[in-house]
Amino acid sequence: MGILQIAAVLILLLLLVKPLGSYMYHVFSNQPNRTDKLFTPFENVIYGIAGLKNRSGMSWKKYTLSLILTNIVLVVLGYIILRVQKLLPLNPNGIDNMEPTLSFNTIISFMTNTNLQHYSGESGLTYFSQMAVIMMMMFTSAATGIVVAIAFIRGITSKGNTLGNFFVDFVKAHTRLLLPLAVVVTLILVALQVPQTFGATVQATTLQGDVQSIARGPVASLVSIKHLGTNGGGFFGVNSSHPFENPNPLTNVIEILSMWCIPAALTYTFGKFARNQKQGWVIFGAMSMLFLMFLSLAYYAESQGNPAINALGIDAAQGSMEGKEVRFGIAQSALFTTVTTAATTGTVNNMHDTLTPLGGLVPLGQMMLNCVFGGDGVGLVNMLMYAILGVFLCGLMVGRTPEFLGRKIEAREMKLVAIAILAHPFIILVPTAIAFLTDLGRGSITNPGYHGISQVLYEFTSSAANNGSGFEGLADNTPFWNISTGLVMLFGRYISIIALLGVAGSMVKKQWIPETIGTFRTDNALYTAILVGTVFIIGALTFLPVLVLGPIAEHLTLR
Amino acid sequence: MTNETAADVSGSSYLFSIVRIGILFIIMCGIIYPLVCTGLAQLLMPSYAEGSFIKNTEGGIIGSELIGQKFTDPHYFQGRVSSIEYAADASGSNNYGPSNPELVKRVQQSVADWQKSNPDVPVSELPADLITNSGSGLDPHITPDSAEVQIPRISKLTGIPAAELDKIVAQHTEGRSLGLFGEPRVNVLKLNLAVDEMMKK
């Protein structure tokens, strides 16, 4: 039954890829279509208020600058709100202002689409902050990722000097994609019992006479965009394992599909832009192969149970239930864990810290690769970066100039790709090492032995991959962790965005080379295998040693 | 509202536009969106939107059917281990890694407690979900197996025949959603409400 229900979810995803991918193509191809009538009036009001009269195409530099400045403005406004939230409306539970390093961490975390949470939603944020900062950034950071993907796709599939207009793309990503989808998913979630209220915490007198305070709030509207935007920051501290955020298996399936559909469908959008649908399926295929490998490992490892507990004479048939919810069981938990770290969402429906060692290797490994579907937009761009690297490696082997989609890949592009690829391990491994060297870092480790290494490694990997899930046992709300992970999230997000938009900017200006019989094809099964191999080899070379010290050592010593 | 006419916007008005966009999106995504959602949800499905609360005959709130409660009284079916004692204003769990000795210690304690209050059921029949901490610390469910193994104890303490308890456990067992997704489960609070009903009879 476990495998069957997993397969059903995978099939549902497959059914979503084509319609959603085509829709996104129509939104961003900027050719007139039927939906214009519905959305254009709203968009014109937004352009009017913002004073955006000139909406012509931008060079990659102007595009990137606009993106970064917009993000900076949102960071500043959001930071101010968090620091004075006590004085603002919608604070029925009397929550205090947030302290500076935690506010810094929180605001960076949400703007970079990471959603690492060093606060607990029930006690750290007012309803107003949950809305005006958290929900708002869940939209804007997802839209930022999506427009990066669109600009990058335009760069490698079209000819000219511009990547499109940032503001137009950014507005459309909201009005035509995220907002309508979010409202629909919110209402479905409420119909399945997720609360959506401004009422304060309720005092219940339980059946056996205790007092239970039940926190609630506008949960559904946050949970929907949390997944659609591959954000992952929960309304409550325990995220989507909380029965209010994820009350039953159906909401679980909806949340899985919500966070998965945009990254998966963007491969189809890419195929449409490239006027070669096979090219899109190659990317989707490579992502899926990697995904299935990781999913199998997670499902297998969790089904086996924890040897340390099995040794006490407990029946292992149920699998490892520590940190998991009964309504999800092993199948829905393993699938959720694999999807949330593939799509770098970071929402969790079970506690990753309590996963079996090999089960915990899965989220860690996927965040290290950071391109198995990946977050909204950036995942596709990361995989295309590996695709460029793949043709480059093949070009070196056979001794010819590498080409991708009819353009030569030259020194400038490869340098930028190299920066993006190397930055990722650098900002994971160096801070991890620093944390182990200092008492400030070591003091927060709560699990002894090899698992402690995994805890620290997970925190920085999650920050660098802009995932945001955690081995939550880590006592991470200290200035050391707030500032270090804040910086890692910043670098993890913007270094690769800038470098890869730079690649797009130079690709868009290149001469197209006509396809000949000697052209190395990038739209077939052979290339899919090369792509998977490239991702694996780069990932293994970089991260295998540290994985051996953490989860693998824990697995080998656990009995 | 607009004052730019030049084809290429100048520096200051470009920056000003971005600030306006920032404020606009805070209002649009951060205020209008959740208000519209709340309005629609409260209008269409008020009870779910409020939190699916269960009330007693006098209208007092007993709890939410979605949120687990602490049951220490051995007359009641007991739920899963919760490191936060089912405090629903601060969710969380121990987050013990699989190799953490504290985890083994805690499980051993749970097993010992189990043996003391359920001498008739051997440890090998004890389902894993009863001795492990749920992810949220608020898990409202246990597996049907976990309910069944508690029947001998509850029957002995309450005097309700085991066959009757079997029946209410079966009544309160929810299957997989759509017959496919998730796992079969029993809501502990609803089950205990049924036990209370039987006690009254």
Problem - the range A:208-241, residues that are crowded, with 24+ Cβ neighbours inside 10 Å and acidic (Asp, Glu) - result: none
Exercise for the section: Just need a number here: residues in the range A:52-83 that are more than 14 Å from chain B (Cβ to nearest Cβ) and surrounded by fewer than 14 Cβ atoms within 10 Å (Cβ to Cβ). Expected result: 0
Practice task
Have a look at A:522, A:516 and point out the one that is hydroxyl-bearing (Ser, Thr, Tyr), surrounded by fewer than 16 Cβ atoms within 10 Å (Cβ to Cβ) and either assigned to a loop (DSSP other than H, G, I, E, B) or modelled with pLDDT under 95 (or both).
Solution key: A:516
Exercise for the section: Give me the pairs, please: first residue somewhere in the range B:19-35 and facing chain A (nearest Cβ under 7 Å), second residue anywhere and open to solvent by 50 Å² or more (accessible area, probe 1.4 Å), beta-carbon distance under 7 Å, and either six or more positions apart or on two chains. Expected result: B:20/A:49; B:24/A:49
Problem - Those helices (runs of 4 or more DSSP H) lying entirely in the range B:112-201 with at least 3 residues away from every other protein chain (no Cβ under 13 Å) - result: B:151-158, B:162-171
Practice task
Tell me, yes or no, whether the range A:175-194 has at least one residue that is at the interface with chain B (Cβ under 8 Å from one of its Cβ atoms) and either of a type in the set (Ser, Thr, Tyr) or part of a strand (DSSP E or B) (or both).
Solution key: yes
Practice task
Being open to solvent by 10 Å² or more (accessible area, probe 1.4 Å) and within 10 Å of residue A:189 (Cβ to Cβ) is the filter here, so list the residues in the range A:248-257 that pass it.
Solution key: A:250, A:254
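Yes/no matrix, rows are residues, columns are (1) closer than 24 Å to residue A:390 by Cα; (2) within 26 Å of the chain's Cα centre (by Cα):
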position	(1), (2)
A:509	yes, no
A:517	yes, no
A:521	yes, no
A:535	yes, yes
A:543	yes, yes
A:547	no, yes
A:552	no, yes
A:557	no, no
Handout entry: Selection from the range A:5-32 of residues that are without any contact (Cβ under 8 Å) to a residue 12 or more places away in the chain and over 30 Å from residue A:256 (Cβ atoms)
Key = A:31, A:32
Fill in the blank from the handout: Going through the range A:229-249 in order, the residues found to be within 21 Å of residue A:197 (Cα to Cα) and outside any loop (DSSP other than H, G, I, E, B) are A:239, A:240, A:241
Exercise for the section: Please enumerate the residues belonging to the range A:103-138 that are over 22 Å from residue A:91 (Cβ atoms) and either open to solvent by 10 Å² or more (accessible area, probe 1.4 Å) or of a type in the set (A, V, I, L, M, F, W, C) (or both). Expected result: A:108, A:111, A:116
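Suppose the filter is part of a helix (DSSP H, G or I) and surrounded by fewer than 16 Cβ atoms within 10 Å (Cβ to Cβ); does residue A:497 pass it?
Taking the combined requirement at face value, the residue does not satisfy it.
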Handout entry: Residue pairs meeting the criteria (Cβ under 7 Å; at least 6 apart or on separate chains; first surrounded by 19 or more Cβ atoms within 10 Å (Cβ to Cβ), in the range A:178-198; second assigned to a helix (DSSP H, G or I) and among the charged types (D, E, K, R))
Key = A:195/B:50; A:197/B:50
Exercise for the section: Please enumerate the residues belonging to the range B:93-143 that are small (Gly, Ala, Ser) and surrounded by fewer than 23 Cβ atoms within 10 Å (Cβ to Cβ). Expected result: B:110, B:112, B:117, B:124
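Return yes or no: is residue B:112 in the same structural domain as residue B:171 (by TED's automatic domain parsing), within 18 Å of residue A:241 (Cβ to Cβ) and free of Cβ contacts under 8 Å to residues at least 40 places away in the same chain?
No: the conditions fail for residue B:112.
A quick yes/no check of all residues on (1) without any contact (Cβ under 8 Å) to a residue 40 or more places away in the chain; (2) within 22 Å of residue B:139 (Cα to Cα); (3) among the hydroxyl-bearing types (Ser, Thr, Tyr); (4) open to solvent by 20 Å² or more (accessible area, probe 1.4 Å):
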{"residue": "A:267", "(1), (2), (3), (4)": "no, no, yes, no"}
{"residue": "A:271", "(1), (2), (3), (4)": "no, no, no, no"}
{"residue": "A:276", "(1), (2), (3), (4)": "no, no, no, yes"}
{"residue": "A:279", "(1), (2), (3), (4)": "no, no, no, no"}
{"residue": "A:283", "(1), (2), (3), (4)": "no, no, no, no"}
{"residue": "A:299", "(1), (2), (3), (4)": "no, yes, yes, yes"}
{"residue": "A:311", "(1), (2), (3), (4)": "no, no, no, yes"}
{"residue": "A:326", "(1), (2), (3), (4)": "yes, yes, no, no"}
{"residue": "A:332", "(1), (2), (3), (4)": "no, yes, no, no"}
Practice task
Inspect the range A:10-30 for any residue being farther than 30 Å from residue A:296 by Cβ, open to solvent by 50 Å² or more (accessible area, probe 1.4 Å) and at pLDDT below 95 and give the result as yes or no.
Solution key: yes
Fill in the blank from the handout: If you go through A:547, A:474, the only one that is within 14 Å of chain B (Cβ to nearest Cβ) and not β-branched (Val, Ile, Thr) is A:474
Exercise for the section: Identify, from the list A:532, A:508, A:503, the residue that is buried (at least 18 other Cβ atoms within 10 Å of the Cβ) and farther than 23 Å from residue A:410 by Cβ. Expected result: A:532
Practice task
For the range B:94-102, indicate whether the set of residues that are more than 8 Å from chain A (Cβ to nearest Cβ) and at pLDDT below 95 is non-empty.
Solution key: yes
Exercise for the section: Can you tell me which residue among A:421, A:388 is open to solvent by 20 Å² or more (accessible area, probe 1.4 Å), part of a helix (DSSP H, G or I), within 30 Å of residue A:297 (Cβ to Cβ) and aliphatic (A, V, I, L, M)? Expected result: A:421
Handout entry: Residue tally, condition in a helix (DSSP H, G or I) and of a type outside the set (D, E, K, R), over the range A:51-65
Key = 4
Handout entry: Output for the range B:48-72, where each listed residue is of a type outside the set (Phe, Trp, Tyr), at the interface with chain A (Cβ under 7 Å from one of its Cβ atoms) and either farther than 20 Å from residue B:150 by Cβ or open to solvent by less than 50 Å² (accessible area, probe 1.4 Å) (or both)
Key = B:49, B:50, B:51, B:52, B:60, B:61, B:62, B:63, B:64, B:66, B:67, B:69
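Kindly provide the set of residues from the range B:55-70 that are within 14 Å of the chain's Cα centre (by Cα) and of a type in the set (A, V, I, L, M, F, W, C), ordered by number.
Across the range B:55-70, the qualifying residues are B:66, B:67.
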Problem - Number of the condition not met by residue B:83 [criteria: (1) open to solvent by less than 40 Å² (accessible area, probe 1.4 Å); (2) within 11 Å of another protein chain (Cβ to nearest Cβ); (3) farther than 16 Å from residue B:172 by Cβ] - result: (1)
Practice task
Would you mind finding the one in A:448, A:431, A:479, A:402 that is farther than 18 Å from residue A:112 by Cα, surrounded by fewer than 17 Cβ atoms within 10 Å (Cβ to Cβ) and touching a residue at least 12 places away in the same chain (Cβ under 8 Å)?
Solution key: A:479
Practice task
Starting from the range A:40-63, take each residue that is of a type in the set (S, T, N, Q) and list its partners that are open to solvent by 50 Å² or more (accessible area, probe 1.4 Å), counting only C-beta distances under 8 angstrom and pairs at least six apart or across chains.
Solution key: A:54/B:6; A:54/B:7; A:54/B:8; A:56/A:162; A:56/B:7; A:59/A:161; A:59/A:162
Exercise for the section: Take the range A:123-133 and flag every residue that is over 19 Å from the mean Cα position of the chain (by Cα), part of a helix (DSSP H, G or I) and either of a type in the set (Val, Ile, Thr) or under 20 Å from residue B:37 (Cβ atoms) (or both). Expected result: A:127, A:128, A:129, A:130, A:131, A:132
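The values are calculated or read from the model by the stated rules, or taken from the named source; none is laboratory data. If you're wondering where the values come from, they're calculated on a predicted model, not measured in any experiment. Note that we place each Cβ from the backbone using ideal geometry, even for glycine, and neighbour counts take in every protein chain shown. To get the accessible areas, we keep the full protein, side chains included, count just its heavy atoms, and leave off ligands, DNA and RNA. Shrake-Rupley method; radii C 1.70, N 1.55, O 1.52, S 1.80 Å.
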